[in-house]
Amino acid sequence: RGLGDVYKRQILYNTVMKMTDSKNLAELLFPLITKTPSEYEALYPPRQLKEGARVTRFAPSPTGFLHFGNLFTCLISYKIAKSTDGIFYVRVEDTDQKRKVDGAVEVMLRGLSYYGIKPDEGVIAENEEKGIYGPYKQSERKDIYQAYAKQLVEEGLAYPCFCSEEELERIRESQEHEDIKGYYGEYAACRNLSFEEISKKIAAGEKWTLRLKSPGSIDKKCVFEDMIKGKIEMPENVQDIVLLKSDGIPTYHFASVVDDHLMRTTHIVRGDEWISSCPIHLQLNKLLGFKTPKFVHVAPIMKAEGEGKRKLSKRKDPEAAVTYYSEQGYPSESVNEYMMTLANSNFEDWRRANKAEDINKFPFNIKKMSVSGALFDIAKLDDISKTVISVMDCKKVFELSHEWAKEYCEPLARLYEADFEYATAILNIDRGNKKPRKDIAKWSDIPDYISYMYDETLSPDYTLCGNATADLAAKVLKIYKNSFDINDDKDNWFERIKAICPEVGCTPNVKEYKQSPEAFAGHVGDVSTVIRVALTGRTNTPDLYSITKLLGKQRVAERLNKALKHYEEEI
């Protein structure tokens with residue numbers, strides 16, 4: 001019994017000494033950090049929100065353009081918060097100052113705003129923040145991270161590592177035949193340095209990083225529930241990952257875990273390439289005493305290639321950049337509609353049943369998201385956008401396309417600005433019908449779509465179709481150029497066209513032609529085609545009567561005469 005008491009006292013003594021060494025080490029490494037995690041917990045208290053309200057975030061790095069996949073994931077994050085009367089915030093993860101691109105934050109925020117994503121708090125402009133849980137730029141939160149790092153050192157859960165890049169490379173080379181590669185266990189050269197050894201190295205000016213002393217085991221698993229993927233089981237983290245770099249700046253893993261906790265994030269929405277980081281994040285949350293937020297891992301947007309498919313690539317695919325959509329002139333409503341078809345499998349059914357309903361009223365559901373990843377289809381985006389634009393009034397189409405043209409298409413802007421009323425009237429043709437035409441998918445389609453309405457952009461093409469021939473065209477135009485009246489209403493205008501039919505061997509009745517095609521040179525549709533081609537250079541246009549009225553008497557007469565001359569020369 002006496003020996004047992006001695007042994008217990010020795011264990012207690014060793015424990016106390018370790019605790020003392022850990023506290024001394026924490027003070028040695030972080031002498032300027034006086035604020036404790038408890039103080040930060042009080043400074044950033046739990047949010048007072050209604051039960052079930054979710055707090056989500058968009059946390060970009062300011063290193064380049066906004067990727068379509070980023071926008072898609074951000075939209076999901078935004079919808080999760082908004083559908084529960086929660087909070088959506090923007091946090092900028094700018095700890096890697098070497099890769100920072102000036103103005104990138106402003107570009108990203110403008111991109112979000114264009115698609116109706118407006119943060120409740122966080123970074124709302126390049127140098128402007130809103131909310132009490134800031135600062136929302138990680139580069140301004142260094143002391144916060146170091147306070148939590150200091151606590152981990154005090155608890156014996158973190159230590160300084162003095163290994164050089166060359167030493168780390170030698171460790172990697174020695175692990176050639178290991179299943180797990182990295183800095184852990186017997187390969188963690190600095191893990192068991194004594195306080196005295198560490199003190200000497202620091203006194204000698206040796207640089208250090210702070211590593212986690214992982215309690216993970218190779219034989220154990222961590223299990224968590226993903227809100228899209230379901231139950232996921234992975235090996236525990238055994239790596240002594242770096243928490244702070246040699247300049248005291250945190251790594252992504254450490255900073256994001258601390259920030260998500262202090263900003264009281266409830267749901268982390270991110271690409272599923274981050275699933276591999278979950279064991280680290282779960283472990284860090286547990287060791288820091290945090291409640292782990294729910295994970296929502298979104299599958300990447302895929303693109304068909306040959307018989308297979310691949311991730312949408314910013315190197316290969318111009319549509320991967322969100323700026324592509326504004327440059328091409330897709331309205332934000334179109335892109336949002338399209339993204340919701342990718343996000344929820346039941347959205348299209350809902351839209352068919354609620355054609356005029358605000359998209360924000362769609363009951364977004366995480367459980368309706370694809371586990372494997374949605375397939376990007378530019379043709380489908382075009383179809384959706386045509387529908388969206390077809391139900392806009394002409395004033396909105398003009399205003400949105402004019403704003404686009406001022407930035408991306410100066411010739412169109414000049415045409416618009418030469419006569420606003422004329423341009424608006426062109427865009428109003430066939431608009432507001434029960435079945436509106438769907439000719440425009442994006443504003444960049446408009447220059448070609450309206451080109452025949454302006455003499456300076458008209459490209460005459462007298463190619464005919466159907467039963468129309470050069471001989472028939474010449475006969476029709478000789479009569480029509482002398483009979484058309486620009487003041488006719490639509491009924492009278494069409495009666496004049498039908499009246500031409502018998503004079504040129506055609507029938508004004510299409511059914512009659514179908515019954516006896518050999519008896520006629522064509523029908524009223526062919527006569528209309530001749531006039532359409534003469535005025536527009538196209539066989540398919542919106543309402544020909546409206547086009548004729550807008551072109552006016554002089555333009556119509558000039559174009560009819562030019563076309564007649566062409567067909568007479570052809571004959």
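Among Lys100/Lys368; Lys475/Lys553; Lys100/Lys396, which pairs are too far apart, with a Cα-Cα distance over 31 Å? Numbers along the way, then the final one.
Numbers: Lys100/Lys368 36 Å; Lys475/Lys553 20 Å; Lys100/Lys396 38 Å.
Distance filter (> 31 Å) returns Lys100/Lys368; Lys100/Lys396.
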**Q.** Kirkwood Rh, angstrom, segment 313-398 [1 / mean 1/r, Cα pairs]
**A.** 14.1 Å
Q | Qualifying lysines (Cα of each under 26 Å from Cα of Lys220; at least 8 residues distant if same chain) | A | Lys181, Lys229, Lys231, Lys286, Lys291, Lys294
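So which chymotrypsin sites (Phe, Trp or Tyr not before Pro) in segment 483-571 are both in a DSSP loop and have at most 10 other Cβ atoms within 10 Å of their Cβ?
Numbers: sites: Phe484, Trp493, Phe494, Tyr513, Phe520, Tyr545, Tyr567; in loops: Phe484, Phe520.
Counting only loop positions with at most 10 other Cβ atoms within 10 Å, none of the chymotrypsin sites (Phe, Trp or Tyr not before Pro) in segment 483-571 qualifies.
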Q) Where Lys and Arg each count +1 and Asp and Glu each count -1, what net charge lies around Thr469 among other residues with Cβ under 14 Å from its Cβ? A) -3
Q. With every protein chain left in place, what is the accessible area of Thr539 in Å² (1.4 Å probe, nearest 10)?
A. 70 Å²
Q: Would you please state the base-10 log of I(q)/I(0) at q = 0.10, 0.22 1/Å for segment 170-298, with intensities from the Debye formula using one equal scatterer on every alpha carbon?
A: -0.39, -1.39
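Write out the trypsin sites (Lys or Arg not before Pro) in segment 296-351 meeting two conditions: DSSP loop, and at most 12 other Cβ atoms within 10 Å of their Cβ. Walk me through the numbers on the way to the answer.
Values: sites: Lys303, Lys309, Arg310, Lys311, Lys314, Arg315, Lys316, Arg351; in loops: Lys314, Arg315, Lys316.
Loop-located and lightly packed - Arg315, Lys316.
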Q.
Between Trp274 and Leu28, how high is the FRET efficiency from 1/(1 + (r/R0)^6) when r is the Cβ-Cβ distance and R₀ = 51 Å? Nearest 0.05.
A. 0.90
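Quick check: net charge around Leu458, other residues with Cβ under 12 Å of its Cβ, Lys/Arg +1 and Asp/Glu -1?
Residues near Leu458 contribute -1 overall.
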Q.
Can you compute 3J(HN,Hα) from phi for each residue in segment 246-251, using the Karplus curve 6.51 cos²θ - 1.76 cosθ + 1.60 with θ = phi - 60°, rounded to whole Hz and x for Gly and Pro?
A. 5, 8, x, 7, x, 7
Q. Taking K and R as +1 and D and E as -1, what net charge do the other residues with C-beta under 12 Å from the C-beta of Pro37 add up to?
A. -3
Q | Long-range tail of P(r) for segment 454-571 (Cα pairs > 16 Å, %) | A | 57 percent
Q) At 222 nm, what helix-only mean residue ellipticity would the chain give, in deg cm²/dmol to the nearest 500, using -39500 (n - 2.57) for each DSSP H run of four or more? A) -14500 deg cm²/dmol
Q) Rg (Å, one decimal) plus Dmax (Å, integer) for the alpha carbons of the chain? A) 34.7, 128
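Using DSSP to call loops (not H, G, I, E or B), can you name the trypsin sites (Lys or Arg not before Pro) in segment 190-224 whose Cβ has at most 14 other Cβ atoms within 10 angstrom?
On the way: sites: Arg191, Lys200, Lys201, Lys207, Arg211, Lys213, Lys220, Lys221; in loops: Arg191, Lys207, Lys213, Lys220.
Those that pass, being in a loop and sparsely packed, are Lys207, Lys220.
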Q: Using label points projected 7 Å from each Cα along Cα→Cβ, tell me how many nm separate Asp485 and Asn354, to one decimal.
A: 5.2 nm
Q: Could you grab the Rg to Rh ratio for segment 88-192? Cα atoms only, Kirkwood for Rh.
A: 1.14
Q) To the nearest 10 square angstrom, what accessible area does Glu166 show with a 1.4 Å probe? A) 120 Å²
Q: No other cysteine beta carbon under 4.7 Å away is the test; run it over the chain and list who passes.
A: Cys74, Cys163, Cys222, Cys278, Cys394, Cys409, Cys465
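The values are calculated or read from the model by the stated rules, or taken from the named source; none is laboratory data. Bear in mind that the values here come from a model prediction, so they are computed numbers and not experimental data. With ideal geometry, Cβ positions are generated from the backbone for all residues, glycine too; neighbour counts draw on all protein chains shown. SASA here: full protein model, heavy atoms, side chains in, ligands and nucleic acids out. Shrake-Rupley method; radii C 1.70, N 1.55, O 1.52, S 1.80 Å.
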